[in-house]
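Below you will find the structure I want to go over with you.
The values are calculated or read from the model by the stated rules, or taken from the named source; none is laboratory data. Everything numeric here is computed off the predicted structure, so don't read it as measured data. Here the Cβ is made from the backbone with ideal geometry for all residues, glycine too, and neighbour counts use every protein chain on show.
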Amino acid sequence: MKKISWQRLAVVAAIVPMLALSACSSSGGRPADTGGSNGGKVATTPSIKIALITHAAPGDTFWDIVRKGAQEAATKDNVDLLYTSDPDGGRQAQLVQQAIDQKVAGIAVTLAKPDALKAVLKKAEDAGIPVVSLNSGEDVFKSVGAFTHFGSDENVAGAAVGTRLAEEGVTHPLCVIQEQGNVALEARCAGVKTKVPGTEILYVQGTDMTQVASTVTAKLQSTPGADAIIGLGAPFTATIVKAVGALNLAAKVKVASFDLSGELIQSIIDGKVQFTVDQQPWLQGYDSIDALWQYYRGGFMVGGGLPVLTGPAIIDKTNAPAVLKFAKEGIR
Amino acid sequence: MTANDMNSNETAKHAAGPTGTGPTIDQETLLQNETDPLTHTPVHLMELEGVGKHYGNIIALTEVTMAVDMGRVTCVLGDNGAGKSTLIKIIAGLHQHDEGTFKIMGQERKLTSPREALDSGIAAVYQDLAVVGLMPIWRNFFLGSEITTGRGPFRRLDVKAMKEITKNELADMGIDLRDVEQPIGQLSGGERQCVAIARAVHFGAKALILDEPTAALGVKQSGVVLRYILQARDRGLGVIFITHNPHHAFPVGDRFLLLKRGKSIGYYDKKDITLDELTAQMAGGAELAELAHELEALGSHGDLAQELEAEVAETAGQLPH
Amino acid sequence: MTTLLKPPPALDERVGKRGMVSNLLGRPEIGALVGAIVLFIFFSIVAPVFLQANSFATVLYGSSTIGIMAVGVALLMIGGEFDLSAGVAVISSALTASLFSWYFSVNVWVGVGLALVVSLAIGFVNGWILMKTKLPSFIVTLATFLMLTGLNLALTRLIGGSVATPSIATMDGFASAQAVFANDFTIAGVDLKSPVFIWIILVAITSWLLLRTRVGNWIFAVGGDENAARAVGVPVKWTKIGLFMGVGFCGWVLGMHNLFAFDAVQSGEGIGNEFLYIIAAVIGGCLLTGGYGSAIGGAIGAFIFGMANKGIVYAQWNPDWFKFFLGLMLLLATIVNLIVKRRADSK
């Protein structure tokens, strides 16, 4: 009898607040109308199949935007987009093979691990499938048979951040890498360091946001000379902003970032983040698919054998409000 | 129980050691079909008549008749695969018999779960003892039946009471432990067996099933366990002692049920059988002879064959006719 | 002969030999405690900033986010099981709360309540499948780990249209939920975050549960010898299911902290953290085979992790060595644990 009454109490304790609070939230939440971005006309060319194969790990905001760009180009160009991804080089090569097996009309591929993909891209070339590369691999795209590359050089982007920080008088920035051993992230920090020699690298465990927060806090506490901190991804920058705020260092430590998100732009508008460098991932996805479509439309080959740079673009207080709308839409 | 009683028991136990020379238990009262010595009603604590059990078309047990009384030890002897474990499972409520009758206190029963068996006062102490080696003795003693104080979410273990009861119960069984906080795994095999027995006694067992308690033990430890079996008997429990060793069974047993291939091959009162006869029945003289012959024919293992032959010669004349 | 069976005196004189010190050495968490003290002294020497109150609060915070889960996981390991889905389940819980509140535009507390139900349900399903199938928990929870990872990604994209949840910072109830799960308390000039307090409270409650209640007795028993426990009437099935639900509860607490501390949750997070929780529990003296360990041990294990993780930053060491150093630390702590325990047992 006693047992049952305790259970009842627990049930009541759980349900009552839920009922009491089930009133709608007056602010925030899902917008009533998400709006359509695909209102444009669809091309009259015959439908073709194009594969976009990336090395994205699941659950990364950046690749979400690349995919959105690709999807929009596909919709506009009457293209059936097949999106797949695998961070493992060998498995990414298998995905390329599968695309060849499906007789796609074109392949857009990221060349994070070009050696793993070399052989299978040769097969695509032999099968007469046009290939473009995007995001990573601007120095190797020609050798694996891609006719052009869409991307932003990480080192150049890093240097852009470094230049901007140097202009603001920063001498001792912390560059927070969320994945130790990631070449692209290391290149960003290395780029910063070419312009600001005092740059110090801090490694955090990106899969656990609480560890990011506590490690950044620890580093800031132990490095009184730090005058700036750089997050290499929008969600990490958001966490860094909170850590800086909690330590009351906002006046002393400037925050800079790479990549974009709606929240990040809001932080730039609010002055919590100085600026961010965007490699415009949406363009990488859009342009890759569009370039392949153009190849079929008129035998065009964009780029003239050189890579097409999609960035870096610096976003600061001056242009942030203009970008905000697009970021909220998920394309910046 | 007074100290004097305990001392006299001690003497009895020693005389009835594993060597089996001249037991001094009063045998005059151990007549077949006696009345219950405590309740004086003409029933047995437990009685099996023509009990059988089959799994599918495999007959595991058939035509088993035996009785258990308070203050008496009934031994079930048999080799591996003789049906001993099936018999225990029926009595302990793990399996149900499908032939014959099983009476508890004169009432016909079919136990459907170990819980029901426990509620009827039947506790089984299995070979693995159902103790958790890493846990302290007192926690093991009360595991599953903990004493608590307090109410609602503040209901907590009454550690002090449990430790004290454990110590006293074990002392009553004649087990002298230095620290009930010790993990039970640190005790010797015999001592662990005794804790399990003491636990069954404390939680109101009227009948105690001991499944091969001496199987894994050395000579000295076995002697210790046999003493505790007598201790339990003297506290008025009906004990079912399952073993394959007649040297362990004979000194402590009052009745002996011999099983072979699921069948009863003999049910004796102590006064009707000697240790040598029991051993001979257990060993199965005819089979041994056959085995020795076969080995000799093979020409190998000469030593083993000779050994067997010697054993056959020893047991041949001792089978009861 | 008659002297053999003397009634024992009320207090055995031999008990005295196993005194306070060896009693302490017999505790499961002693190795971890020694390791923690050594590590603390070590970092205090090499990195003086480590000793500042605020730095220490940071170390505590870093420890607490591992420690909250380590408490549940330690109990589960004492009960003889693993939960490889624990890391991802934290994120599942946070995603549930965030996406539900956002999608239906309701007060976030409704989402928080639903997340608790979901977290407990994940634990229940883990335990129930385990008890029904009798498969090793390693396999069962590996399966749920993969399923949850997929669900996290797929449902987040399906509902929110992105791989990260939209920020719910402006929604009703957010401020009050943040005050509970992700608050900053300033005590005597030291900033302490709410998970630190939640962690300490959890450790206290579970320690009491483990050592002083029937359920605690059952947890040790099901981990030490499941069959023996069943034979004496311990509800093995419900004890184990309850332990998995306990891990689910801890996951909910940490998931809510993640959500309200960072406003938004990324669906790919949490992978790999399950091992940190198990490591913390093992450093803290839990046996991998079950039946032995303590809640405080798991907490000390998490504290060791926090000190090593943050201490390296305070000491300004080359971060390339961090993983190596962490591994070495784990090895040493467990070896110390082993040696101390052997010595205590042989006494």
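Just give me the residues in region C:158-168 being surrounded by 17 or more Cβ atoms within 10 Å (Cβ to Cβ) and within 8 Å of another protein chain (Cβ to nearest Cβ), in sequence order.
C:Ser162, C:Val163, C:Ala164, C:Pro166, C:Ser167, C:Ile168
Something else now. Return a yes/no flag: does region A:175-193 have any residue that is crowded, with 22+ Cβ neighbours inside 10 Å, more than 18 Å from the chain's Cα centre (by Cα) and either within 14 Å of chain C (Cβ to nearest Cβ) or at positive phi (or both).
No: zero hits.
Can you spot a residue in region C:127-145 that is within 14 Å of chain A (Cβ to nearest Cβ) and over 28 Å from C:Gly173 (Cβ atoms)?
Here is the first cut: in region C:127-145, the ones within 14 Å of chain A (Cβ to nearest Cβ) are C:145.
This time we only want the ones that are over 28 Å from C:Gly173 (Cβ atoms), so: C:145.
Yes, because at least one residue in region C:127-145 is within 14 Å of chain A (Cβ to nearest Cβ) and over 28 Å from C:Gly173 (Cβ atoms).
Please go through region A:301-324 and pick out each residue that is loosely packed, with under 13 Cβ neighbours inside 10 Å, under 21 Å from A:Asp287 (Cα atoms) and out of contact with any His (no Cβ under 9 Å at 6 or more places or on another chain). Talk me through it step by step, then tell me what you get.
First pass over region A:301-324, keeping only residues loosely packed, with under 13 Cβ neighbours inside 10 Å: A:304-306, A:318, A:321-322.
Now narrow it down to the ones that are under 21 Å from A:Asp287 (Cα atoms): A:304-306.
Of everything in region A:301-324, those that are loosely packed, with under 13 Cβ neighbours inside 10 Å, under 21 Å from A:Asp287 (Cα atoms) and out of contact with any His (no Cβ under 9 Å at 6 or more places or on another chain) turn out to be A:Gly304, A:Gly305.
Quick grid of which residues meet (1) in contact with an Asp or Glu (Cβ under 7 Å, 6 or more places away or on another chain); (2) at pLDDT below 90; (3) buried (at least 24 other Cβ atoms within 10 Å of the Cβ); (4) assigned to a helix (DSSP H, G or I):
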site: A:Pro224; (1), (2), (3), (4): no, yes, no, no
site: A:Pro235; (1), (2), (3), (4): no, yes, yes, yes
site: A:Ala250; (1), (2), (3), (4): no, yes, no, no
site: A:Leu260; (1), (2), (3), (4): yes, yes, yes, no
site: A:Ile268; (1), (2), (3), (4): yes, no, yes, yes
site: A:Lys272; (1), (2), (3), (4): no, no, no, no
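Of C:Leu142, C:Leu146, C:Leu114, C:Leu135, which residue is part of a loop (DSSP other than H, G, I, E, B) and surrounded by fewer than 20 Cβ atoms within 10 Å (Cβ to Cβ)? So that I can check it myself, show each step before the final result.
Numbers: C:Leu142 fails: part of a loop (DSSP other than H, G, I, E, B); C:Leu146 fails: part of a loop (DSSP other than H, G, I, E, B); C:Leu114 fails: part of a loop (DSSP other than H, G, I, E, B).
Checking each option against the conditions leaves just C:Leu135.
Give the number of residues within region B:202-218 that are surrounded by fewer than 23 Cβ atoms within 10 Å (Cβ to Cβ) and at pLDDT 80 or above.
Qualifying residue count for the region: 5.
Would you be able to say whether some residue in region B:104-125 is within 14 Å of another protein chain (Cβ to nearest Cβ) and more than 22 Å from B:Leu237 (Cβ to Cβ)?
Residues of region B:104-125 within 14 Å of another protein chain (Cβ to nearest Cβ): B:113-119, B:122-125.
Those left that are additionally more than 22 Å from B:Leu237 (Cβ to Cβ): none.
No, there is no match, as no residue in region B:104-125 is within 14 Å of another protein chain (Cβ to nearest Cβ) and more than 22 Å from B:Leu237 (Cβ to Cβ).
Is it the case that some residue within region A:283-297 is in a loop (DSSP other than H, G, I, E, B) and either buried (at least 18 other Cβ atoms within 10 Å of the Cβ) or within 18 Å of the chain's Cα centre (by Cα) (or both)? Spell out the reasoning first.
Step one: of region A:283-297, the residues in a loop (DSSP other than H, G, I, E, B) are none.
Looking through region A:283-297, none of the residues is in a loop (DSSP other than H, G, I, E, B) and either buried (at least 18 other Cβ atoms within 10 Å of the Cβ) or within 18 Å of the chain's Cα centre (by Cα) (or both).
Report the residue count in region C:149-164 for those that are modelled with pLDDT of 85 or more and either within 24 Å of the chain's Cα centre (by Cα) or not in a helix (DSSP H, G or I) (or both).
So the answer is 4.
Right, next: Which number in (1) at pLDDT below 90; (2) away from every other protein chain (no Cβ under 14 Å) marks the one condition that A:Val131 misses?
So A:Val131 meets the others, but not (1).
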